[in-house]
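Remarks on the structure that follows.
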Amino acid sequence: MTATITYPSHLLSASSHLRTTATKTALRLHSPSTQGPERSPHYLKAGSSHPSVKLCGVFQKTQLNISCAINMGAGQSGDPEKINFDHLMNKARKIWDRSPQPVKSFPWKRALENFIQLILDLFVMVVKYLCVPLLAVSSLSEMSYCAHQKKLLLVPIPLLIGIIVAGVVKETALELSPLLKDAEVPWHLIVTAIVFTLIKLPGPYYPYWGRIFIPHFANGVLWRTLLFAFS
């Protein structure tokens, strides 16, 4: 025997009302009017490309500013030095123009030449007085080597030959250039001293008989050259 359940009428009306409301809401949500106006493809394309256009414009502007700054820096890199040099030249020219006549007529070139000559004379004088003790010490050292090798009696032979060669070199130089007689700096003596000093320096590296004769031969030339320099 089947039992029949009877619902109240107000409950049935409420459930039907709820179904109708849910259906209307679903239709309203899926309708085109609720989703807003459709945008045209042109509008979407323009809107999507707007940020890239703006970034491209910013990049071009930055690149232009950087290139302008580089060009300005390259154009003005050498300007300060040139301006300073021109400014100094203008100042010197103005000072020279305002100088009195005795200052302008002074022989500045001759004064410069005399100053250079004075410096050279002082240099030669100092070198001459320094060479005396150096040559004496080196000569004694080489003589001690010859004494150790029991060849001290042979020392005067290369020494005398060097003295004679120094006189011959001096006379030859004066014959080739007579102006050296009146020269304030004895260039021929300086060249002779340099050449025979270079011959003397590698004395310990010569062969056995070269260590005996060559340094003393150079010493004879150098002692005679120093005598010419002081006379």
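The values are calculated or read from the model by the stated rules, or taken from the named source; none is laboratory data. Quick caveat, the model's predicted, so the values are computed rather than measured. Here Cβ is always computed from backbone atoms with ideal geometry, including for glycine, and neighbour counts include all displayed protein chains. With ligands, DNA and RNA removed, areas are computed over all heavy atoms of the protein, side chains included. Shrake-Rupley method; radii C 1.70, N 1.55, O 1.52, S 1.80 Å.
Some notes on this structure:
- Cross-link check: pairs Lys151/Lys200; Lys104/Lys181; Lys128/Lys150; Lys109/Lys181; Lys150/Lys200 evaluated at a Cα-Cα cut-off of 30 Å; pairs beyond the cut-off: Lys104/Lys181; Lys128/Lys150.
- Accessible area per residue for region 176-218, computed on protein heavy atoms with a 1.4 Å probe, is 66 Å².
- Taking a ≥ b ≥ c as the square roots of the eigenvalues of the Cα gyration tensor, an a/c ratio of 1.5 or more together with a/b larger than b/c marks region 110-230 as prolate.
- A cut-off under 15 angstrom between Cβ atoms defines the neighbours of Ala183, and their net charge, with Lys, Arg +1 and Asp, Glu -1, is -3.
- Local electrostatic count at Leu134 - Lys and Arg +1, Asp and Glu -1, tallied over other residues with Cβ under 14 Å: +1
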